[in-house]
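To start, the structure itself, in structure tokens.
Readers should treat all values here as calculations from the given coordinates under stated rules, not as data from a laboratory. None of the values given here were measured: they were computed from a predicted structure. Neighbour counts are summed over all protein chains in view; Cβ atoms, including those assigned to glycine, are modelled from backbone coordinates with ideal geometry.
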Ligand code: MBD
Ligand code: FE
């Protein structure tokens, strides 16, 4: 929903979305990492030194220090740590993690993945509401190894927002698995997915992350994207996103997650009602 002044109406509140994303993270990812005291000390010290030097360089005042404190408290109160970190920090972690992979490019996961989506064969229509709005999208492709061998029985776990920018399980009144599914490639590694084109996504503007964006006069937009996790036995899982040419925010994604290799090349569908895209995934050996 975009109003005439270009701001989206908020149907999902930042705090409700944040609470869901925080709970999701606690269930799936909150594991202890086995880091040595030396590594913890080095990383923590360097981050703190960067903060100290920013304070000195810009002569930060007590009023500004207290504004920072209130803001950090509010990020937690709104449950927005997953959102804030995935939007502003995850891209650097992904860059490091993906640097040595030969196969398809990955990019950030973001805060809205939910494991356990419904499973399908090689040809699937994603779960959607009877009157699901949006341009019909057909997505074909093949999963291969780096040497070109087709990967039969690989899993394409796809999730995306609806035509208004809302994700099932992170906005109210959307069926649990809407626009989410796990597709299994056929004997030649191929798959076909029928869905609708997702809308550009505006991160919640009514929470702490939105307050920072407003105070800094940034914008809150991510270009329209499909999220995917592609995996096959004996191969490395890739987490990625795919984008649509012409989106106004492909060049200034607030989450810095767009890469040229992740741009789709849609063609009009044969019946003229939607678009077709083709994209192959190449997985590195495990
Ligand atoms: C999203 O949909 C998203 O993909 C990311 C990375 C951050 C916030 C919302
Ligand atoms: Fe997203």
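One table, with the values for the structure above:
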| quantity | calculated |
| --- | --- |
| Helix 37-57 vs. the chain, principal-axis angle (Cα, 0 to 90°, nearest 10) | 60 |
| 0 to 90° range, to nearest 10: angle between helix 62-77 axis and the chain longest Cα axis | 40 |
| Net lengthening on full extension, residue 271/residue 56 (0.36 nm per residue, minus Cα-Cα) | 71.2 nm |
| Whole-Å semi-axes of the ellipsoid equivalent to the chain (Cα gyration tensor, √5λ, descending) | 34, 24, 17 |
| Residue 219 paired with residue 146, simple spin-label distance in nm, labels 7 Å along Cα-to-beta-carbon | 3.8 |
| Reciprocal mean inverse distance between Cα atoms of segment 51-206 - Kirkwood radius, Å | 18.7 |
| Peptides ranked, highest mean first, by Cβ atoms within 10 Å: ranges 254-263, 199-208 | 199-208, 254-263 |
| Cα gyration tensor, segment 3-103 - rounded (a/c under 1.5), prolate or oblate | oblate |
| Sequence-separation-based contact order of the chain, relative, with Cα cut under 8 Å and 6+ spacing, percent | 23 |
| Stretchable slack from residue 73 to residue 237, in nm (0.36 nm times residue separation minus alpha-carbon distance) | 55.5 nm |
| Rounded Å value of the spacing that divides the Cα centres of segment 135-190 and segment 235-286 | 12 |
| Rounded to 10°, Cα long-axis angle of helix 14-28 versus longest principal axis of the chain | 70 |
| Protection-proxy order for peptides 112-125, 78-91, each taking the mean of Cβ atoms within 10 Å per residue, highest first | 78-91, 112-125 |
| Extension gain, residue 45 back to residue 85 (0.36 nm per residue minus Cα-Cα distance, nm) | 12.5 nm |
| Rg and Dmax [Cα atoms of segment 164-259; Å; Rg one decimal, Dmax integer] | 16.1, 53 |
